[in-house]
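Asks: I have a structure I would like to understand better, so I am pasting it below and will then ask my questions one at a time.
Only the coordinates and a few stated rules stand behind these numbers; no lab work does. Quantities reported herein were computed from a predicted structural model and do not represent experimental measurements. Positions of Cβ are backbone-derived with ideal geometry, glycine not excepted, and every protein chain shown enters the neighbour counts.
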Amino acid sequence: MKLDDSISAVVTGGASGLGEAAARRLAASGVRVAIFDLNEECGEALARELGGVFCRTDVTSEDGVDAAFARSREAIGQERILFNCAGIGSANKTASRAKDSGEISHHPLPEFEKILQINLIGSFRCAAKSAAGMLTLEPLTDGERGVILHTASVAAQDGQIGQTAYSASKAGIVGMTLPMARDLMNEGIRVNTIMPGIFDTPLMQGLPDNVKEALSASVPFPKRLGLPAEFAQLAETMVTNGYLNGESVRLDGAIRMAPR
């Protein structure tokens, strides 16, 4: 797919971090971008800067997602690109014993469900609704109607202690990538997933320097945190390379996460 001002895109979680980097990269190529996010202040500011549209969106809400797509399509047209970047994480063991009291507890089930609702089901919800919209489009010259990208994580394959819920949600995204691509293959819609490692996002920037240095040193090469621009570059490649389909690609400096 050639990127220019005839193409519209939706980026969930696009108000900050990796989603913001992807939105900026697409807009730099002329793409009209809609940002779906809960952060109104950052989302509105970024949309104004990029000449796009902001839609306050809770990806766990059926009605909310429907309203966001309706607003974005009215403003910039039916999207040919959906990039799912919205997600959260947590740190809770499946079951554990308190060091001081010996009290036994287990992972709170509502929190487990919340992470799956946002990361996995939210991604599927947006993908299914976006794909249905893409089916209304005329194919481009190469027969392509659209591209759906998901954001998983290296935790999908080597999750750490306390990442059961997060890893399950991201592994689910990886697991649905190929069958989703097969579902949509006769409609000219490709589906790919990025599995980022440790990236220099606003969350990481708030950590102490010694922690960031230790994290950087754990990456085989290059020994640094990933740059959001590198994430966005891979996303652009997944959109523009028409033969890349049904793939989940690690972007991690060859890191394999230790148990903790």
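Asks: Answer rounded, prolate or oblate for segment 103-244, using the Cα gyration tensor with square roots of eigenvalues a ≥ b ≥ c: rounded when a/c is under 1.5, else prolate when a/b is larger than b/c, else oblate.
Replies: It is oblate, given that a/c is not under 1.5 and a/b is not larger than b/c.
Asks: Please compute the length gained on full extension between residue 96 and residue 128, using 0.36 nm multiplied by the number of residues separating them and subtracting their Cα-Cα distance.
Replies: So the chain would gain 7.8 nm between residue 96 and residue 128.
Asks: Of the cross-linked pairs 93/170; 114/212; 99/170, which ones have a Cα-Cα span greater than 26 Å in the structure shown?
Replies: 114/212; 99/170
Asks: About the Cα centre of segment 8-251, how large is the charge dipole given +1 on each Lys and Arg Cβ and -1 on each Asp and Glu Cβ? Please answer in debye to the nearest 20.
Replies: Magnitude of the dipole: close to 420 debye.
Asks: For each of 167, 72, count neighbouring Cβ atoms within 10 Å of the residue's Cβ, then give the residues from fewest to most.
Replies: Neighbour counts put them in this order, fewest first: 167, 72.
Asks: Another question, if that's okay. Could you point to the residue in 218, 57, 139 farthest towards the positive end of the chain's charge dipole, with +1 and -1 charges on the Cβ of Lys/Arg and Asp/Glu respectively?
Replies: Going by the charge dipole, the pick is 218.
Asks: Listing 124, 54, 83, 221 from the residue with the fewest other Cβ atoms within 10 Å to the one with the most, what is the order?
Replies: Exposure proxy ranking, most exposed first: 221, 124, 54, 83.
Asks: So which trypsin sites (Lys or Arg not before Pro) in segment 75-155 end up in coil per DSSP with only 15 or fewer other C-beta atoms within 10 Å?
Replies: Sites meeting the loop and neighbour criteria: 93, 99.
Asks: Which order, highest average first, do 210-216, 250-256, 172-178 follow once you tally other Cβ atoms within 10 Å for each residue and take the mean per peptide?
Replies: Put in order of decreasing packing, that is 172-178, 250-256, 210-216.
Asks: Quick one: net charge around residue 152, please, counting Lys, Arg +1 and Asp, Glu -1 for every other residue with C-beta under 10 Å from its C-beta.
Replies: So the environment of residue 152 carries a net charge of +2.
Asks: So, one more: Whole Å is fine, so just give me how far the alpha carbon centre of segment 24-58 lies from that of segment 152-200.
Replies: What the calculation gives is 24 Å, centre to centre.
Asks: Which percent, to the nearest 5, of DSSP beta bridges fully inside segment 8-251 are antiparallel?
Replies: 10 percent
Asks: Then there's this: Using every alpha carbon pair in segment 8-251, what percent of pairs falls into each 10 Å bin from 0 up to the bin containing the largest distance?
Replies: The percentages, shortest bin first, are 8, 31, 36, 18, 6, 1, 0.
Asks: If each residue's Cβ is checked for other Cβ atoms within 10 Å, how do 149, 140 rank with the fewest at the top?
Replies: 140, 149
Asks: If N is the number of residues in segment 8-99, what value comes out of its Cα radius of gyration divided by 2.2 N^0.38 Å?
Replies: Ratio of Cα Rg to 2.2 N^0.38 Å: 1.24.
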